[in-house]
1. Is it the case that region 78-89 has a residue that's within 14 Å of the chain's Cα centre (by Cα) and modelled with pLDDT of 95 or more?
2. State all residues of region 10-27 that are farther than 21 Å from Asn42 by Cβ and modelled with pLDDT under 95; if no residue qualifies, say none.
3. Are there any pairs with C-beta distances below 8 angstrom linking a residue in region 150-176 that is among the hydroxyl-bearing types (Ser, Thr, Tyr) to a residue that is in a loop (DSSP other than H, G, I, E, B), with the two at least 6 apart or on different chains, and if so which?
4. Among the residues of region 23-42 satisfying the criterion of being part of a loop (DSSP other than H, G, I, E, B) and in contact (Cβ under 8 Å) with a residue 24 or more places away in the chain, which is nearest to Leu124 (Cα to Cα)?
5. Given the criterion hydroxyl-bearing (Ser, Thr, Tyr) and at pLDDT below 95, identify the matching residue among Ser98, Ser126, Ser164, Ser151.
Amino acid sequence: MASGHENSEDPVTSVVIEEMIYVAVGTDVKDCKSILLWALRNFRGKRICIVHVHRPARWIPNGLGGHHPVSSLDERIVRDYRKAEGKIMNETLEEYLSICHREGVQAQRVWIDMDDIGKGIVELISRDGIKELVMGGALEKHYKEKMSLRSKKAKYVCKQAPLSCRVLFICNSRLIYTRFA
């Protein structure tokens with residue numbers, strides 16, 4: 001399981017953990033931009049950390065329209081494909097950091113490789129001692145006016161995250177649910 005933590009600013013040694021707001025984002029910037037913008041606007045003056053769970057591909061395209069399971073391929077092919085996946089993930093995280101910088105907010109990023117996104121978020125909360133997390137609570141296109149969690153990931157995180165972490169769930173640029181610490 002790979003993971004990383006990167007600060008896009010100069011290293012800061014006296015960051016107070018409670019001052020850091022973590023924002024979980026996905027691979028599609030267009031779909032998650034509103035979650036990040038909500039956090040940036042509602043937590044002015046606090047540092048932001050972009051949280052991402054990267055799901056490594058289990059199947060790799062063969063170039064002929066088909067796919068092969070990773071377990072059946074040569075290690076070199078899998079390693080090269082993983083390297084390309086990592087490059088795409090880094091480019092996506094850079095897009096999120098650019099949004100933060102345009103809004104005048106210091107930001108960093110943390111990620112983990114895991115097959116299950118909900119479990120990956122919970123792992124990062126536990127591992128990094130996250131005290132406040134903002135994440136999506138429902139797919140925006142399926143969200144109704146009812147204020148409830150719709151996403152399986154959101155429901156999992158709500159139930160499984162350590163109680164020391166307050167989780168704010170956002171949809172359509174609105175807070176729809178808060179799981180208090």
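1. yes
2. The answer is Asp10, Pro11, Val12, Thr13, Ser14.
3. From region 150-176, the pairs are Ser151/Gly137; Ser151/Ala138; Ser151/Leu139; Ser164/Gly129; Ser164/Lys131; Ser164/Ala181.
4. Val25
5. Ser151
The values are calculated or read from the model by the stated rules, or taken from the named source; none is laboratory data. What you are looking at is a predicted structure, and each value in this text was computed from that prediction instead of being measured. Here Cβ is always computed from backbone atoms with ideal geometry, including for glycine, and neighbour counts include all displayed protein chains.
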